[in-house]
1. Could you work out how much longer the chain between F265 and K68 gets when fully extended? Use 0.36 nm per residue separation minus the Cα distance between them, nm to one decimal.
2. Taking +1 at the Cβ of each Lys and Arg and -1 at the Cβ of each Asp and Glu, which of V207, N226, Q238 sits farthest along the dipole of segment 202-246 towards its positive end, judged by Cα position relative to the Cα centre?
3. Could you tell me the calculated FRET efficiency between S208 and M7, based on Cβ-Cβ distance and R0 = 45 angstrom, to the nearest 0.05?
4. First select every other residue whose beta carbon is under 11 angstrom from the beta carbon of G79; then total the charges, Lys and Arg +1, Asp and Glu -1.
5. Within 14 Å, Cβ to Cβ, of L45, how many net charges do the neighbouring residues add up to if Lys/Arg are +1 and Asp/Glu are -1?
6. R14 to R36: FRET efficiency via 1/(1 + (r/R0)^6), r the Cβ-Cβ distance, R0 25 Å, to the nearest 0.05?
7. Name the long-range amide H neighbours of L47: under 5 Å, sequence gap of 5 or more, or other chain; modelled H, no Pro or chain starts.
8. Between segment 206-232 and segment 69-104, how many Å separate their Cα centres?
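Throughout, read-outs are computed from the coordinates displayed, never taken from laboratory work. Treat the numbers as computed from the prediction; the structure is a model and nothing was measured. Note: ideal-geometry Cβ built from the backbone for every residue, glycine included; neighbour counts use all protein chains shown.
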Amino acid sequence: MIISSTMDYRAAARRRLPPFLFHYIDGGAYDEQTMRRNVEDLRGLALRQRVLREVGEVDLSTQLFGEKLSLPLALAPVGLTGMYARRGEVQAARAAAEKGVPLTLSTVSVCPIEEVQSQLSRPIWFQLYVLKDRGFMKNALERAWAAGVRTLVFTVDMPVPGARYRDRHSGMSGPHAALRRVWQACLHPHWAWHVGVCGRPHDLGNVSAYLGHRIGLEDYIGWLGNNFDPAIGWRDLQWIRDYWKGAMVLKGILDPADALEAARFGADGIVVSNHGGRQLDGVLSSARALPAIADAVKGKLTILADSGVRSGLDVVRMLALGADGVLLGRPFVYALAAAGGQGVAHLLDLIAAEMRVAMTLTGAKSIAEITRDSLAAQGVP
Ligand code: FNR
């Protein structure tokens with residue numbers, strides 16, 4: 001099959017992956033309503049076609065946090081990306097760097113910060129969760145800075161884990177024993193090839209670098225589960241703001257009141273996100289939440305958005321709603337699972353090409369020229 005879209009990569013990933021890994025990436029929380037609406041609401045926005053605008057060459061480049069990017073996007077932090085291809089985070093980060101954009105490395109990556117950063121000439125972004133173990137957080141911040149990371153994406157929408165039914169059914173979440181069984185099933189000859197795909201899956205790089213011993217997939221949920229901190233508040237974040245000298249971006253903002261708090265707090269940016277519909281099912285899609293947030297804080301801080309972006313047209317739609325850039329989540333992992341780093345690079349080319357068509361036909365020569373006027377009047381949520 002000739003692959004020409006995110007959905008083609010999704011289908012290819014489905015064929016390649018053991019079911020528990022496919023559903024881990026593909027699934028969301030509870031009934032998955034928000035996950036579906038993220039995609040539908042965004043795709044449902046009508047772009048405003050304009051013709052004969054003498055557009056010529058379009059410039060897709062932009063500046064985010066003082067960094068020049070070839071496209072207004074970064075790869076989103078996705079835990080366990082290293083399970084989807086051998087040293088998967090390195091492959092994805094290399095492909096992204098080749099295309100002029102950063103990868104955001106998840107706290108719970110397979111490859112540690114140093115391994116990924118040392119293979120690139122441009123800085124990655126690093127994502128950190130709010131965890132009870134402040135020693136881990138401080139250690140991760142120190143290591144990220146020493147490796148050359150300057151943009152910290154701090155995820156604030158996970159004080160408790162959302163329940164994901166597909167993961168429960170597959171054994172990916174739930175009791176310790178279930179996860180061990182799932183993993184051992186992968187070692188069965190039927191999935192033997194998969195061990196090659198995963199490389200060294202028994203290691204969560206950033207966590208083991210801190211603990212001083214390996215922490216495998218079967219320990220991952222337990223470690224993370226014990227570390228969620230539902231009592232977290234703005235005051236608890238202050239030490240990070242004081243400590244981290246680079247850009248600090250708060251990920252998981254869905255309400256204008258929280259966006260205003262983030263600006264008052266001194267964040268450099270926010271990510272309008274519902275975690276891809278993996279946390280609280282039933283909340284607003286990012287496309288619906290974004291316009292009011294942009295009205296509240298546009299110009300005060302950098303606005304990124306994710307949850308639902310599947311194409312270059314979707315990138316243009318998010319920018320038209322008020323985002324300065326987007327994070328690309330599930331699509332790059334499908335591409336990685338289907339075709340490794342080459343798949344990720346190809347997907348980024350597809351997105352760039354789709355953006356060029358959308359910008360030419362909405363009359364935008366540059367990223368700055370994508371505004372709410374790029375949407376048809378009836379198209380705004
Ligand atoms: C995520 N996401 C996520 N976010 C984060 O801050 N840290 C993480 O470790 C993860 N892990 C993770 C795993 C998987 C399998 C998925 C699908 C997502 C959320 C991610 O960064 C992003 O917000 C969503 O993926 C956006 O939704 P879409 O566009 O992928 O549907």
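1. Details: separation 197, 0.36 × 197 = 70.92 nm, distance 2.55 nm.
That works out to 68.4 nm of additional length.
2. Sorting the options by dipole projection puts first Q238.
3. Working: r = 35 Å, r/R0 = 0.79.
Plugging the Cβ-Cβ distance into 1/(1 + (r/R0)^6) gives 0.80.
4. 0
5. In short, +3.
6. On the way: r = 17 Å, r/R0 = 0.69.
For R0 = 25 Å, the calculated efficiency reads 0.90.
7. When sequence neighbours closer than 5 places are left aside, the close amide H contacts are A376.
8. Their Cα centres are 22 Å away from one another.
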